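Here is the structure we will look at, set down as structure tokens.
Every number here is computed from the coordinates shown, using simple stated rules; none is lab data. What you see is a predicted model; the values in this text were computed from it and never measured. Don't worry about glycine lacking a Cβ; one is built from the backbone with ideal geometry, like all the others, and counts go over all protein chains shown.
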Amino acid sequence: MKRVFSGVQPTSQIHIGNYIGAIKRFVELQNDMDCFFCIVDLHSVTVPQNPKELYKNSLQLAALYMAVGLDPSKVTLFIQSHVPAHSELAWLLQCNSYMGELNRMTQFKEKSLGKDTVTTGLYTYPVLMAADILLYDTHFVPVGNDQKQHLELCRDISIRFNKKYGETFIVPEPLISKFGARIMSLDDATNKMSKSNENKHSKINLLDSPSKIKKSIMKAVTDSESEVRFDVENKPGVSNLMTIYNILGDLPLEDIENKYEGLGYGAFKKDLVEIVVSGLEPIQSKYEEILASGEVEKVLKEGADRAREVSNEVLNSVKKKMGFVIL
Ligand code: AQP
């Protein structure tokens with residue numbers, strides 16, 4: 001069975017960009033692949049975190065993973081910091097990566113823009129991500145479009161290591177959807193929907209109430225026309241809303257265009273509210289059930305046990321190849 005690895009940071013609330021671009025795909029892959037899905041808490045501390053919030057968000061994300069349909073009897077769900085091999089391999093890979101290649105990472109440039117100081121962790125974060133992936137002999141990595149460059153770096157690091165020390169890592173392939181891999185912000189369709197955007201109406205979180213969802217969609221930027229038409233270049237706001245409609249409402253773009261011909265944005269947005277609210281409702285009630293059941297910690301403990309077992313094998317083979325003494 002082919003291996004899949006991916007992770008989500010337990011920072012703030014999970015939004016429909018994270019869901020459509022990544023988590024929804026995790027669910028689709030779980031029946032056909034050996035999947036490892038991680039709560040990447042070590043990544044989240046590359047920028048300041050409130051410790052109480054980080055703790056709460058990590059457990060909430062585990063419950064959300066299960067609420068969207070990930071089945072712990074089929075997939076390995078775990079918290080990154082429970083598996084020390086991630087940090088250890090990250091160090092070994094840092095010693096096989098170059099500042100020149102990290103300097104090119106656009107996410108680092110964006111996240112450090114205008115800051116007086118940034119952590120070295122933020123700078124070396126893509127190498128930790130490479131370690132996460134390579135530790136599990138991963139074949140496929142389902143991610144949103146914003147992670148494409150980091151995946152390319154991961155591939156470069158693995159190819160270089162294999163050349164230098166002999167075949168060690170499987171070179172992973174990104175799984176980036178042709179459609180929905182970059183859900184845009186509702187307040188500015190030229191930027192991706194992002195957890196760190198301080199405007200709460202820029203995004204729809206999976207746990208948002210129906211009234212909040214309604215407000216965010218009704219406020220979403222469109223354009224001065226009234227035609228519901230998919231045209232990313234000229235109508236980015238409407239096209240973004242149509243993408244969400246298409247994926248959550250399961251209606252082809254052409255059918256959406258026909259359905260709202262002559263009706264304007266009001267009717268389109270009103271129906272989109274219904275689609276999003278009814279799409280998220282089962283996730284929200286399952287989420288509450290899972291939190292109340294107290295099973296989250298048990299699932300995470302079992303997941304970490306399996307993740308440690310698999311990753312230690314890879315880590316030891318790397319250390320052997322590099323000349324470390326293993327007793
Ligand atoms: N807008 C998006 N559209 C599609 N996919 C997205 N992803 C993130 N934003 C979008 C994908 O979600 C997965 C988990 O993301 P993450 O939590 O690891 O990191 P992130 O990219 O930092 O998420 P945010 O929301 O953008 O947070 P900030 O504001 O901190 O930058 C990844 O597969 C990601 O591609």
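Per-structure values
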{"item": "Label-point separation in nm, GLU233 to GLU152, each point 7 Å along Cα→Cβ", "result": "2.2 nm"}
{"item": "Computed lengthening from CYS95 to GLU309, 0.36 nm per intervening residue step minus Cα-Cα distance", "result": "74.6 nm"}
{"item": "Nearest 10 degrees, 0 to 90: helix 120-134 Cα axis against the chain principal axis", "result": "80 degrees"}
{"item": "Kirkwood hydrodynamic radius of the chain, from inverse mean 1/r over distinct Cα pairs, in Å", "result": "20.9 Å"}
{"item": "Kirkwood hydrodynamic radius (C-alpha pairs) into Stokes-Einstein, the range 200-287, 37 °C and 0.692 mPa s, D in µm²/s", "result": "248 µm²/s"}
{"item": "Relative contact order (percent, whole number), the chain, Cα cutoff 8 Å, 6+ residue spacing", "result": "23 percent"}
{"item": "3J(HN,Hα) from dihedral phi, the range 62-70, Karplus parametrisation 6.51/-1.76/1.60, rounded to Hz, x for glycine, proline", "result": "4, 5, 5, 3, 6, 5, 7, x, 6"}
{"item": "Distance violations [Cα-Cα > 19 Å] among LYS52/LYS298; LYS148/LYS200; LYS111/LYS192; LYS195/LYS298; LYS115/LYS200; LYS219/LYS270", "result": "LYS52/LYS298; LYS148/LYS200; LYS195/LYS298; LYS115/LYS200"}
{"item": "Hits among lysines - C-alpha to C-alpha of LYS321 under 17 Å, sequence gap 8 or more where chains match", "result": "LYS163, LYS164"}
{"item": "Modelled FRET efficiency - R0 35 Å, LYS321 with GLU173, Cβ distances, 0.05 increments", "result": "0.95"}
